[in-house]
Structures are given as C-alpha cells and as structure tokens.
Amino acid sequence: MYHWGEGFAMPTKLDWLLNTPRKNSIWYLLFATACCGIELMQTGGPRTDLDRFGAVFRATPRQADLLLVAGSVTYKMADRVRRLYDQMPEPKYVLAMGSCANSGGLFARSYSVVKGVDKIIPVDVYLPGCAPRPEALNHALLTIQKRMMKDKWSVRRTTSSEKLL
Amino acid sequence: MTQLILEDQHGETTMVNMGPQHPSTHGVINLRLLLQGEVIAKIDPIVGFLHRSIEKLGEMTPYPGFLPYTDRVDYLSAMFGNQVYCMAVEELLGVEVPRRAEYLRVIACELNRIISHLIAVGTMAMDLGAFTPFLHAIRERETVNDFMERICGARINYSYMRIGGVPRDLEPGLDKDILKFLDRFEKFIPEFNRLITGNEIFVRRLIDLAVIPAADAISCGLSGPNLRSSGVDYDLRRDRPYSAYPEFEFRVVTGEGYRGQTGDCYARYWVRIDEMLESAKIVRQALLGLPEGDVKAKVPRKITPPKGEVYSAVESSRGEMGCYLVSDGGEQPLRVRFRTGSFTAMTVLPKIVPGLMVADLTAFFGSLDVVAPEIDR
Amino acid sequence: MSSTVFDYFTNIRNAFTSIFHGLAVTFSYLFRKPTTIQYPDRIDTPVQQMLPPLFRGILEVDVGLCIGCNLCEKTCPLGCLRTAVVRDPETNQRYITRFDVDISKCMVCGLCSENCPTGAVRHSTEFEASTANMVNLVIRYVKPGERIPVHKPVKGEESPGLPQNEPIARAHKEWDEPPPVDPDQVRGRVRWKNDGAPEEEQSS
Amino acid sequence: MSDVKRMHETLSRALPDIPLEVESAQAGMSWIHVPAEHIAAVIGHLRHTEGFDYLACLTGIDTGEELQIAYTLRSLPDKTECALKISLPRDEAVVPTISHLYGVADWFEREVFDLYGVHFDGHPDLRRIMMPDDWEGHPLRKDYVFPSEYHGISAERPDPHDLLDPEYEACAVDPAPKSDSKEGSTS
C-alpha cells in the first residue's frame with residue numbers, strides 16, 4: 001500500500017523492494033550431515049526441482065543465504081556449524097530440517113548429540129519429519145520466503161551466534 | 001602428523017583440512033592432508049563428527065524399539081541395517097522367518113541396493129565435475145523411492161522389517177509395477193553408460209588410479225564392491241548364505257577385465273554399475289517366484305531372547321554390515337555393535353592415498369563410496 | 001601419453017564421440033515427459049492425495065476410537081506421545097483427558113500405529129508442518145479440560161479406523177499467526193520459552 | 001559351531017602352553033576363550049598358519065563386571081569363521097595389539113580404546129577416534145555418566161510434554177482418585 005500522503009509508507013515499499021529479490025534467490029549452503037542430506041539432494045534433483053524457486057546450492061558459506069541444517073549435529077560438529085554460520089553474510093536464515101535438528105529427535109537420549117540445533121545457532125524455521133519429504137522441504141522454503149518478506153530494512157535481523165551461548 | 005612418508009626435498013609441506021563441510025567428502029568427514037606441492041604426503045582421516053551413539057542407545061532401548069535406530073546406521077541402505085539386526089535377534093530367539101517374508105526382504109534389500117548404488121555412481125560423477133549423471137541417477141532413484149513408499153511407507157528411513165518377518169504384505173499390483181520398472185531400468189543402465197561410464201574423459205581420469213592390491217584389501221577389511229573390485233571373489237550372499245539368497249541365481253561381480261587395472265577407481269565404479277543389474281535380476285526372480293504364506297512369524301510382544309551372543313552379517317551396498325548382539329536375557333540388549341563397510345574402507349586411506357594428487361583424492365574417495373554415519377554410527 | 005601418433009588421434013576421436021554420446025542422451029530428454037512435480041501450486045491433485053496410503057506422515061489420532069490402552073505410549077521408543085486416562089469413581093467410566101503428540105521428536109517409525117488395536121493412532125499423509133516457532137510442533141488431540149469417554153469396541157465388529165489417504169486438517173499454524181487465545185482451540189500453542197528459539201516477531 | 005570346536009583342537013595342539021576353552025551361552029554362537037596376554041600369539045597363529053586372513057569384527061563388551069573383547073576372524077578362501085574372546089579387569093585393561101596382523105585392526109582398536117578405555121599395548125597410534133580429544137570418560141562403559149554440558153552447550157532440553165502438564169492439571173475437572181493411579185499414566 002503506497003500512499004504519497006502518508007509519511008511512513010516509504011519503508012514498506014523499500015522493504016518489499018529489498019526482500020523480493022532476496023526471497024526469489026535463496027542460495028543454500030550445501031551442508032548435509034545425515035539422513036536429511038539425502039532428501040536435500042533429492043529435493044535439488046529433477047522431481048522436486050528447487051531451482052524453480054531460485055534456490056541453488058552453494059559450496060561455500062560466503063555465498064549462501066540459507067543454512068539448511070540437514071540432520072543431527074554432534075558436539076564434535078557443533079563448533080564447525082557455528083563457524084559456518086558466522087561466515088555467512090547478513091541477512092542469513094537457518095532452517096532446521098528434520099527431528100534431529102529440531103530437538104535431537106530420536107537421538108535426544110544420546111551422549112553426543114546436540115539437543116536441537118537452536119542450542120548453537122538461531123533457527124528461523126523448524127521442519128519436522130524424519131526425514132521430511134522433498135515437498136515438505138519445499139514447503140519450508142516457502143515458509144522461509146514468507147519470513148523474509150516480513151523483514152525490515154531498518155532492523156538488524158540477527159546477531160552473531162556468540163550471543164546464544 | 002609427526003613423521004613424513006615422502007622425502008621432504010624442499011622442506012616445504014602444507015597442511016590442508018578437507019572437510020568436515022566439503023562437497024566431495026560424502027558427509028562430515030575431515031581429511032587432514034599433509035601436502036608437498038600438489039602431492040599428498042600423508043593423510044589423517046578424522047571421523048566421528050556424526051557419532052550419534054546408536055550403540056549406546058541400543059543398550060537403553062527394548063529390542064523392538066531399537067529397530068528404527070538401525071535405519072540410521074546407514075541411511076542410504078537402511079534396509080540392510082534392519083535386516084542384520086532382525087537376523088541377529090531372530091537367531092537368538094530361534095525364530096524361523098516365513099519364506100514369503102524372506103522373499104519380501106530380499107526384494108526390498110535389492111531395490112535398496114539399486115538406489116544406494118545409484119547415489120554412489122551419481123555422486124562419484126559429481127565429484128569429478130559431471131553434474132548431469134547425478135540428476136539422471138536421482139531421477140531413477142525417485143522412481144524406486146516411490147516403490148519403497150508403497151512397500152514400507154517411507155522414502156529413506158524405512159523401518160520395514162520386524163523381528164520375525166515383515167509387518168505387511170505387498171500391496172496388490174505392486175509386483176507388476178516393479179517388474180515394469182525393472183524392464184525400464186535395464187534399459188536405463190546402458191543409457192547411463194552412454195552418458196558417463198563410457199565417456200573417455202571420465203574413464204581416463206579413473207583408470208590406473210589408486211590401485212588397491214588384493215592383499216591390502218583383505219588386510220584392511222574392505223568388503224562389498226570395494227573388495228570385489230580388487231579381484232577378490234567374495235560375496236556374503238553366496239559364501240555365507242543368509243535369508244533366501246541361496247535360491248536365486250546371480251553373478252558375483254569382480255573388478256576384472258574392464259579398462260585399466262583390477263582394483264583401480266574405474267573398477268570400483270564399474271562393479272557398482274554391474275551390481276545394479278544383478279540386483280535387478282534378483283528382484284525379478286524373487287517377484288516371479290514369490291511363495292504364498294504368512295509374512296510374519298509369531299513372536300511375543302515382549303521380546304526377551306535367552307542369554308547368548310551372535311554375529312550376523314549381510315552384504316550391504318557398502319560391504320559387510322554385521323551386527324554383534326549380546327543378550328543377557330533381559331528386555332534390552334547388553335551390547336549391540338554394528339560392523340560397517342565404510343568404517344573399514346576408511347582404514348585403507350593411509351595406505352593408498354600418499355603419493356596421489358589432491359584432485360585425484362576426490363575421485364578415489366568417491367570411488368570408495370563411504371557415508372559418514374556408517375563410519376561413526 | 002600415447003606411444004604413436006595414431007593413438008594420439010584415436011584418443012581425440014574417442015573423447016569427441018563420447019561427449020557426443022552423452023549429449024545425445026541429454027538431448028533426448030528434451031522430448032520426454034518431464035518428471036518434475038510442480039509442488040505446491042501447479043499440480044492438479046495435492047501431493048498428499050497422491051501419496052500411497054501406507055505413507056507415514058504426521059501422526060493423527062482419532063480420540064473417539066481410543067480405548068485408553070496406553071500401548072502407543074509404551075511402544076514409542078522416544079516418548080513422543082503422552083496420554084492420560086482417568087476413571088470416574090461413580091460410574092466407572094474411563095475418560096481420555098490428554099493425547100499429545102510431539103512431532104518435533106517423532107521419527108515416523110510406525111511402531112505406535114502398528115500396535116494400536118483399534119486404529120485410533122495412525123500416520124496421515126500430511127507432511128506440511130514447517131513453522132517458525134517450535135511450540136507449534138506439539139499437537140494436542142484433546143484440549144485441556146476436555147474428557148472424552150473411551151471407545152468400547154463391539155465384539156465381532158471390525159473397527160472402522162480412520163479413512164485412508166485423506167489429509168488431516170493442517171497440523172500447523174502459520175508462522176506469523178498470533179498465539180490463539182481461544183481456549184477451545186484444540187491444537188494450541190505450547191507456551192514454552194525455548195532457550196534457543198527465535199525471538200517473537202514484532203507484531204506487524 | 002563345529003568350526004570353533006575344530007579350531008580349538010588345532011590351536012590346543014599347536015599352542016599347548018596357552019589354556020584355551022570353548023565357551024557358549026544358551027543361544028547363539030560359541031567362542032574360544034583366550035587369556036588376554038596371549039591373544040596376539042593366538043591370532044598370529046590363526047593368521048599365518050590357519051589362513052584366517054580377514055578380521056570381520058572386533059568389539060568390546062561391558063558386562064558390568066568385566067570388560068570383554070570379541071574377535072571374529074574369517075578365512076575368505078575356506079569360508080570358515082572363528083570367534084575368540086578375552087576378559088579384562090575394568091580398572092586396568094591392557095591388551096597386546098593385533099594391528100600388525102590386520103590393517104583394519106588399527107581403527108577397530110582405536111574405537112575400543114575410545115569407547116571402552118582399553119589400552120592396546122604396542123598400538124602405533126592410540127588416540128580417540130569417535131569422540132573429541134578433550135572428551136572425558138569412555139561412553140560405552142556401563143558406569144558412564146552422561147555429560148550435562150560440553151563447551152557451554154547444555155545437554156538439557158525440556159520435554160514439551162512436561163511443560164504442558166500444569167495446563168492439564170489446572171483444567172483437571174475430576175482428577176482420578178489415588179487408588180487408580182496406574183490408570184493415569186503420566187510417566
């Protein structure tokens with residue numbers, strides 16, 4: 001809604017302008033830890049073509065907008081995940097894919113698995129399932145897109161993961 | 001990282017960390033390389049980034065409840081994890097699985113082997129820079145995934161088998177669909193070969209590279225396609241018969257007589273391509289000769305095997321998957337241990353890799369087809 | 001390194017022909033049926049209805065069929081389900097007062113639905129449940145304070161179970177929906193301050 | 001079964017100094033029990049003379065009273081299998097290594113060292129393999145206490161069901177009497 005008469009309509013338009021390209025070119029980091037990584041691969045495959053949404057994989061965190069934590073994260077790995085997250089440029093988004101990333105899932109009683117990836121990095125969207133279907137991942141990507149459209153250019157979104165610990 | 005294997009001529013060595021987040025390490029594995037120029041002087045594989053303590057959880061979970069965990073031992077061939085665990089418990093219990101259930105297990109396992117090898121050859125081509133074959137492999141995999149969904153209800157973590165059999169029979173009409181698929185699949189493999197296997201550039205990058213001699217392969221405990229490609233004619237399905245495999249005719253593929261030497265990267269690749277066709281043959285035989293009868297033996301709801309221990313092994317798509325199960329007569333196992341093919345395949349790296357180029361390491365590592373969770377469990 | 005000039009040219013020819021073979025295969029796919037399923041909007045039937053009935057999606061519970069045997073809760077290796085049954089001391093009627101499923105933990109193994117004697121617990125074909133707030137991932141099938149009398153199966157009569165292959169009502173909330181204030185809401189939000197959860201979005 | 005008995009006879013004849021026994025439980029397979037200090041000699045004999053060229057499995061077992069290590073050897077040409085087992089005290093578990101006999105034993109022994117704390121005498125590179133280097137304890141021992149945090153990452157996560165409990169209790173119109181406590185299963 002853009003009205004010349006109202007003073008604070010401009011930021012909305014600016015947000016839209018900034019967020020729409022972001023939303024339509026989500027580059028995700030190719031980072032697969034466990035079972036969900038296979039579904040991530042298959043989502044990038046021909047059946048559920050993620051490229052339709054402008055989402056392509058990147059092998060380096062410096063070029064990625066979205067960190068898909070696909071699978072369980074162990075304590076040994078936790079440090080690396082946080083380092084990957086810190087290397088990503090702002091604005092960055094995190095999608096916890098699968099039960100293990102959500103809450104530890106079936107390894108919640110284990111001695112070596114982080115009970116949910118939100119213990120180490122801030123998570124934007126949780127996707128349940130073990131492992132989620134490619135279409136479910138698609139749906140999560142659409143949820144991320146909705147989330148992106150809510151962003152304000154004036155508000156700094158996330159901080160470093162250091163704050164969480 | 002204390003001593004060098006190669007002569008340090010210029011006194012210049014570099015340490016490079018490959019992984020744990022690296023697109024060609026097939027999961028979270030850290031390969032610590034000591035380089036002299038472009039040549040790898042020493043390799044120190046660091047694993048354990050995905051050690052999820054499945055074995056400890058097995059000691060904390062009742063026998064039937066542990067079954068879903070066995071899927072996650074090797075998610076690319078989850079069916080074999082199910083089977084090896086069920087076989088171990090059944091052997092302790094003394095339960096005889098109905099013949100129809102054994103056939104259904106074989107069908108599910110061999111379909112699983114096909115899609116696991118598809119990922120293996122697809123990702124190997126992708127490591128070498130060819131992205132198209134990967135997409136073709138994934139497309140075929142999706143078709144089988146649909147069958148898996150109809151057989152057991154899930155796409156990768158199947159949880160299909162139960163102690164004493166399988167929970168349900170095939171859905172009507174599914175056998176015809178699978179047979180139709182197999183016809184198509186046998187045409188797909190030649191097409192895939194035209195696409196990538198016969199590609200001169202691809203072949204030249206793989207032949208005579210990183211040859212694993214048969215003696216090393218046996219000593220390092222390689223198994224499955226990796227062992228057979230070194231020329232060792234050993235297949236658990238034939239030589240340590242289990243389930244219904246003695247009733248089927250199939251050829252044990254060994255890596256001899258193709259291009260290059262026995263035991264090189266191309267042989268490992270080719271064995272997987274050939275094994276897919278053999279698996280398709282087994283599935284066809286099993287579907288056509290599917291016996292009538294029950295699909296699940298009678299087992300009590302509360303499973304308490306007698307005291308004892310057992311080592312069961314199946315030929316998984318990544319080699320021998322074994323389950324060492326110790327029971328103390330209680331509701332939970334005293335010890336569950338999974339012996340996996342990828343874990344042993346990693347031990348061959350320090351022997352073979354020194355002397356290779358870094359670019360060849362990705363090809364070699366891809367040809368071993370290891371997956372991280374199977375190493376770490 | 002090839003030994004002769006002939007080998008040299010043979011190699012070049014082989015390289016070109018094999019590239020041509022590969023490209024021919026790729027080109028042939030231009031004329032084949034595309035395999036992409038254009039989820040979510042450009043398909044005729046929703047994916048949920050195309051899935052086989054065996055597909056194990058999010059757990060759904062028909063509390064009207066539950067006999068209160070508590071078997072599902074005992075079978076689940078993770079403790080995803082939490083049920084509670086109370087008995088009215090006067091009429092001896094048993095009531096189900098709670099049936100919660102935590103799908104953030106569920107590993108869709110199918111052990112609970114398999115052991116359910118009446119088919120009250122089963123896997124739906126629904127899978128869309130991604131949410132921005134973890135608290136949406138606990139599905140309550142009995143709202144607090146409600147008491148549902150247990151199902152008494154008639155002998156010799158097959159239990160109806162739930163209709164197959166029909167998606168349940170969407171098990172999730174939209175990510176930006178305000179928390180429901182209506183206590184009648186069956187699938188409410190759990191007011192749970194998670195230490196790592198994203199901060200609540202400013203109301204827009 | 002017969003493989004193990006036959007191998008026991010062969011071994012007893014070849015190595016008369018080492019006390020070997022065939023053991024078995026109620027179900028499953030039987031194995032040869034070997035004194036821990038002689039395991040390298042016995043396996044070396046099997047490897048070099050009897051042709052057991054393949055180490056199929058090496059694993060530790062914690063029975064609660066003692067530690068055990070089970071070796072499953074296989075001969076690929078003869079297609080025979082032989083299971084060996086040793087017992088170790090829990091506090092001072094030292095075994096001679098067999099990593100010079102089988103290449104794969106290197107990693108198997110590192111795994112047993114990591115998860116059980118068994119020290120392999122003569123192993124070239126005995127360090128942790130699964131757990132981080134600064135991890136405390138050996139997780140697969142029965143008396144292992146699970147860590148509550150690691151490098152500042154807490155291992156606690158509230159069960160959402162427990163957090164929901166008060167809401168249900170507040171709404172409980174007619175709670176179950178105490179005598180029926182087994183009905184109200186909130187465990």
Confirm whether B:Ile156 is within 14 Å of chain A (Cβ to nearest Cβ) and in a loop (DSSP other than H, G, I, E, B). yes
The lone condition D:Arg157 fails out of (1) over 20 Å from A:Ser112 (Cα atoms); (2) among the charged types (D, E, K, R); (3) surrounded by 13 or more Cβ atoms within 10 Å (Cβ to Cβ) is (1)
Exclusive hit being modelled with pLDDT of 75 or more, open to solvent by 60 Å² or more (accessible area, probe 1.4 Å) and away from chain A (no Cβ under 11 Å), set C:Pro183, C:Pro117, C:Pro163: C:Pro117
Looking at (1) touching a Gly at 6+ places or on another chain (Cβ under 6 Å); (2) open to solvent by 40 Å² or more (accessible area, probe 1.4 Å), find the lone condition where C:Val85 falls short. (2)
Between C:Thr35, C:Thr10, which is surrounded by 11 or more Cβ atoms within 10 Å (Cβ to Cβ), out of contact with any Leu (no Cβ under 8 Å at 6 or more places or on another chain) and within 30 Å of B:Asp208 (Cα to Cα)? C:Thr10
Near pairs, Cβ below 7 angstrom, 6+ apart or cross-chain, from the range B:66-89 (over 12 Å from B:Ile156 (Cβ atoms)) to any residue that is of a type in the set (Val, Ile, Thr) and in a helix (DSSP H, G or I): B:Tyr69/B:Ile54; B:Val73/B:Ile54; B:Asn82/B:Thr70; B:Tyr85/B:Thr70
Report whether or not B:Ala88 is open to solvent by less than 10 Å² (accessible area, probe 1.4 Å) and within 14 Å of chain C (Cβ to nearest Cβ). no
Of the residues A:Val125, A:Val114, A:Val81, which single one is at the interface with chain C (Cβ under 7 Å from one of its Cβ atoms) and either under 18 Å from A:Ala32 (Cβ atoms) or buried (at least 24 other Cβ atoms within 10 Å of the Cβ) (or both)? A:Val125
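This table checks each residue for (1) touching a Cys at 6+ places or on another chain (Cβ under 8 Å); (2) more than 7 Å from every other protein chain (Cβ to nearest Cβ); (3) within 30 Å of A:Leu137 (Cα to Cα); (4) loosely packed, with under 12 Cβ neighbours inside 10 Å.
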| residue | (1), (2), (3), (4) |
| --- | --- |
| C:Ala15 | no, no, no, no |
| C:Asp44 | no, yes, yes, yes |
| C:Val47 | no, no, yes, no |
| C:Phe55 | no, no, yes, no |
| C:Asn70 | no, no, no, no |
| C:Lys74 | no, yes, no, no |
| C:Phe99 | yes, yes, yes, no |
Tell me which residues, restricted to the range A:23-53, are farther than 21 Å from A:Val117 by Cα and assigned to a helix (DSSP H, G or I). A:Lys23, A:Gln42, A:Thr43, A:Gly44, A:Leu50, A:Asp51, A:Arg52, A:Phe53
Regarding B:Ala345, is this residue small (Gly, Ala, Ser), within 16 Å of the chain's Cα centre (by Cα) and open to solvent by less than 20 Å² (accessible area, probe 1.4 Å)? yes
Being open to solvent by 10 Å² or more (accessible area, probe 1.4 Å), more than 14 Å from chain D (Cβ to nearest Cβ) and among the basic types (Lys, Arg), is that true of even one residue in the range B:233-242? no
Test set (1) over 20 Å from B:Ser53 (Cα atoms); (2) outside any strand (DSSP E or B) - A:Ala96 fails condition number: (2)
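If you go through the range B:299-310, how many residues are assigned to a strand (DSSP E or B) and either crowded, with 24+ Cβ neighbours inside 10 Å or acidic (Asp, Glu) (or both)?
Looking only at that region, the number is 1.
Residues that are touching a strand residue (DSSP E or B) at 6+ places or on another chain (Cβ under 8 Å): which helices (runs of 4 or more DSSP H) entirely in the range B:183-298 hold 3 or more of them?
Details: elements: B:200-206, B:214-219, B:225-229, B:236-239, B:265-288.
Hits in the range B:183-298: B:225-229.
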Could you list, in sequence order, the residues of the range B:196-232 that are within 14 Å of chain D (Cβ to nearest Cβ), in contact (Cβ under 8 Å) with a residue 40 or more places away in the chain and open to solvent by 10 Å² or more (accessible area, probe 1.4 Å)? B:Pro213, B:Ala214, B:Asp216
How many residues does the range B:135-153 hold that are open to solvent by less than 10 Å² (accessible area, probe 1.4 Å) and within 11 Å of another protein chain (Cβ to nearest Cβ)? 11
Failed item, numbered, when D:Gly64 is tested on (1) on the phi < 0 side of the Ramachandran plot; (2) of a type outside the set (Val, Ile, Thr); (3) surrounded by fewer than 23 Cβ atoms within 10 Å (Cβ to Cβ): (1)
Residues C:Gly22, C:Gly79: which one is buried (at least 20 other Cβ atoms within 10 Å of the Cβ), within 14 Å of chain B (Cβ to nearest Cβ), out of contact with any Lys or Arg (no Cβ under 6 Å at 6 or more places or on another chain) and without any contact (Cβ under 8 Å) to a residue 40 or more places away in the chain? C:Gly22
B:Tyr63 versus (1) surrounded by fewer than 23 Cβ atoms within 10 Å (Cβ to Cβ); (2) within 11 Å of another protein chain (Cβ to nearest Cβ): which is the lone unmet condition? (1)
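The values are calculated or read from the model by the stated rules, or taken from the named source; none is laboratory data. Because the structure is predicted, anything quoted here is derived from the model rather than measured. For neighbour counting, all protein chains shown are included, and Cβ atoms are generated from backbone atoms with ideal geometry for every residue, glycine included. For the accessible areas, the whole protein counts, side chains as well, though only heavy atoms, and no ligand, DNA or RNA atoms are used. Shrake-Rupley method; radii C 1.70, N 1.55, O 1.52, S 1.80 Å.
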